[in-house]
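**Q** Take this structure first; my questions come after.
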């Protein structure tokens, strides 16, 4: 099954701070989407609201390893996302903190996957910029669409 | 074999203008890398110079379909890139011009592929911004690294 993969590196940012960004609603709001409900605790479900998707996109929290890793499973939202997993891996190396990202388990390498890959890159670069002292560009915040599909 | 895929959509930009950006050295310089040598004609080879990679990264031009598609094969540069293909597909749809991108034929989904995926997203968003009247952020120009690997 095809995967979306990404990697950013941050200077003067601790693994704990990156973990905060990928494991809390406040963290998500800084780079991903400003609106979410639910709880980011293992076994629980949190829900993001994008655009006019009134039902939102729901994720089950599979794994929370402080400072190291988080994993979520999509359980509601776009059909193509259902049962796909998001994985965030964090480590310190050579003066940087590295964040590796994977959105895995796509059924096909279709046009929506192409779009989501670029959109993830956009968000993750915002995560880096925010944690390094600049601004993120989360959905619902300082966001610029990459195509009409982002609106 | 795993692939990197991306998609951006541009308003008030013709397919011909997107084709210019993905088929000429002047176009490449607006979003990808400012320094290149060689000729972008079918069967010829052009070479990009990144960072201290003094030998550069070389691409054979496989296909040039004006307004529609370009394809290149990497024939020199990072070991992981050798024999991989870049494909750019252009079409007009619903008031936008869509650019689909694929960097295909990676031998493995390793850390360098993760990095390159985010880097391509960064460059392609710059291509969109440039063609819509803003600024691109090509290597050698207005470029911000996504990690120490970009420097």
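Every number here is computed from the coordinates shown, using simple stated rules; none is lab data. Because the structure is a prediction, the values reported are computed rather than measured. Every residue, glycine among them, receives a Cβ derived from its backbone with ideal geometry; neighbour counts consider all protein chains shown.
**Q** Calculated from DSSP H runs of 4 or more alone, at -39500 (n - 2.57) each and per residue, what is the 222 nm mean residue ellipticity of chain A, nearest 500?
**A** Details: 3 runs with 35 residues, N = 151.
Using -39500 (n - 2.57) per qualifying helix, the result is -7000 deg cm²/dmol.
**Q** Quick one: B:34, B:5, fewest Cβ neighbours within 10 Å first, how do they rank?
**A** Arranged by neighbour count, lowest to highest, B:34, B:5 become B:34, B:5.
**Q** Would you tell me the mean number of C-beta atoms belonging to other protein chains that fall within 10 Å of each C-beta in B:95-104, as a whole number?
**A** 2
**Q** Sticking with this one: Under a 10 Å cutoff between Cα atoms, tell me which one of A:135, A:93, A:26 has the largest fluctuation in the Gaussian network model of chain A.
**A** A:93
**Q** I'd like the orientation of helix B:111-131 relative to chain B: the angle between its Cα long axis and the longest Cα principal axis, in ° from 0 to 90, rounded to 10.
**A** Tilt of helix B:111-131: around 30 degrees.
**Q** For the protein assembly as shown, just the Cα atoms, rotate onto the principal axes and tell me the three extents in Å, largest first.
**A** 56, 45, 34
**Q** Further question: Treating the Cα atoms of region B:4-150 as identical point scatterers in vacuum, please give the log10 of the normalised Debye intensity I(q)/I(0) at q = 0.20 Å⁻¹, two decimals.
**A** -1.38
**Q** Over the protein assembly as shown, what is the percentage of antiparallel beta bridges among all DSSP beta bridges, to the nearest 5? Let's see the in-between values first.
**A** Details: 72 of 74 bridges.
Just about 95 percent of them are antiparallel.
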